[in-house]
Amino acid sequence: STLWFEMFFIPPMPDNVELPDPPQVQSSNDIWSQVTKKWNADFSKYQKMYSEWFPDAPTDRRFLCTAEHVQTRSTFPLPSFLAPIAVPSQISPEGELLHWINSITFLSPPKQMRDGRIASWQVPSSILITRKGGANDHAILLCSCLLGLDYDAYVCKG
């Protein structure tokens, strides 16, 4: 089937109208990619200084400031994965909330188990839809629920 639309401008536009090209706007994905590059460069310097003071510390540590969104494949800052979630009153006591989050399946990809690096981060909505996620995803979900209950909640990675 085909849909046809007709559009009219009242009053009619003159024939010599020129519409300028829209301004070029840098996408947020490019901005976060630049931030990630700068962060990684600064962290590389920090890690060299840290290893001088603590030579037995792991040398392959990494502290991510951004992650790829699982659904959109865009780069987002890690703090943006936290969002307050309205929690039902039945599970709002802390013990009930912890029990409910613990009922979500813990799933770590084989690659993560092999090299110990977190492969991906999920937003709370995708964790709730799939009912599975890694320890990092459970931490994000718990923190988001606590923020929804007006607690000061933080996820510390490292």
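The values are calculated or read from the model by the stated rules, or taken from the named source; none is laboratory data. These numbers were taken from a predicted model, which means no experiment stands behind them. Note: ideal-geometry Cβ built from the backbone for every residue, glycine included; neighbour counts use all protein chains shown.
I'm checking my understanding of the structure. Among residues of region 51-103 that are charged (D, E, K, R), under 26 Å from GLY116 (Cβ atoms) and surrounded by 10 or more Cβ atoms within 10 Å (Cβ to Cβ), which one is modelled with the highest pLDDT?
Of the residues in region 51-103, the ones charged (D, E, K, R) are 52, 56, 60-62, 68, 73, 94, 96.
Going one step further and asking which of them are under 26 Å from GLY116 (Cβ atoms), we end up with 52, 56, 60-62, 68, 73.
Those left that are additionally surrounded by 10 or more Cβ atoms within 10 Å (Cβ to Cβ): 61-62, 68.
On the way: ARG61: 77, ARG62: 77, GLU68: 81.
The extreme case among them is GLU68.
Before we move on, is ILE31 aliphatic (A, V, I, L, M) and part of a loop (DSSP other than H, G, I, E, B)?
Values: aliphatic (A, V, I, L, M): yes; part of a loop (DSSP other than H, G, I, E, B): no.
Criteria not met by ILE31.
State all residues of region 71-95 that are among the aliphatic types (A, V, I, L, M), within 14 Å of the chain's Cα centre (by Cα) and part of a loop (DSSP other than H, G, I, E, B); if no residue qualifies, say none. Write out each step before concluding.
Filtering region 71-95 down to residues among the aliphatic types (A, V, I, L, M) leaves 78, 82-83, 85-87, 91.
Subsequent filtering for residues that are within 14 Å of the chain's Cα centre (by Cα) retains 78, 82-83.
The answer is LEU82, ALA83.
Limited to region 48-82, what total is found for residues that are aliphatic (A, V, I, L, M) and in contact with a strand residue (DSSP E or B) (Cβ under 6 Å, 6 or more places away or on another chain)? If you could, list the steps in order and put the result at the bottom.
So in region 48-82, the residues aliphatic (A, V, I, L, M) come out as 49, 57, 64, 67, 70, 78, 82.
Restricting the remaining residues to those that are in contact with a strand residue (DSSP E or B) (Cβ under 6 Å, 6 or more places away or on another chain) gives 78.
Summing the residues that are aliphatic (A, V, I, L, M) and in contact with a strand residue (DSSP E or B) (Cβ under 6 Å, 6 or more places away or on another chain) in region 48-82 gives 1.
Restricting to region 13-39, name every residue that is closer than 30 Å to THR75 by Cα, without any contact (Cβ under 8 Å) to a residue 12 or more places away in the chain and not aliphatic (A, V, I, L, M).
So in region 13-39, the residues closer than 30 Å to THR75 by Cα come out as 21-39.
Applying the additional criterion that residues be without any contact (Cβ under 8 Å) to a residue 12 or more places away in the chain yields 21-27, 30-31, 34, 37-38.
Answer for region 13-39, where residues must be closer than 30 Å to THR75 by Cα, without any contact (Cβ under 8 Å) to a residue 12 or more places away in the chain and not aliphatic (A, V, I, L, M): ASP21, PRO22, PRO23, GLN24, GLN26, SER27, ASP30, GLN34, LYS37, LYS38.
Inspect region 80-92 for any residue being among the small types (Gly, Ala, Ser), more than 24 Å from TRP32 (Cβ to Cβ), touching a Leu at 6+ places or on another chain (Cβ under 8 Å) and without any contact (Cβ under 8 Å) to a residue 60 or more places away in the chain and give the result as yes or no.
Going residue by residue through region 80-92, those that are among the small types (Gly, Ala, Ser) are 80, 83, 86, 89, 92.
With the extra rule that they be more than 24 Å from TRP32 (Cβ to Cβ), the set shrinks to 86, 89, 92.
Remaining after also requiring touching a Leu at 6+ places or on another chain (Cβ under 8 Å): 92.
Subsequent filtering for residues that are without any contact (Cβ under 8 Å) to a residue 60 or more places away in the chain retains 92.
There is at least one residue in region 80-92 that is among the small types (Gly, Ala, Ser), more than 24 Å from TRP32 (Cβ to Cβ), touching a Leu at 6+ places or on another chain (Cβ under 8 Å) and without any contact (Cβ under 8 Å) to a residue 60 or more places away in the chain.
Would you pick out the residues in region 126-158 that are at pLDDT 90 or above, of a type in the set (Ser, Thr, Tyr) and either assigned to a helix (DSSP H, G or I) or within 13 Å of SER80 (Cα to Cα) (or both)?
Residues satisfying the conditions are THR130, SER144.
Would you pick out the residues in region 100-125 that are outside any helix (DSSP H, G or I) and either over 30 Å from THR59 (Cβ atoms) or touching a residue at least 60 places away in the same chain (Cβ under 8 Å) (or both)?
Narrowing region 100-125 to residues outside any helix (DSSP H, G or I): 103-109, 116-123.
Across region 100-125, the qualifying residues are SER103, ILE104, THR105, VAL123.
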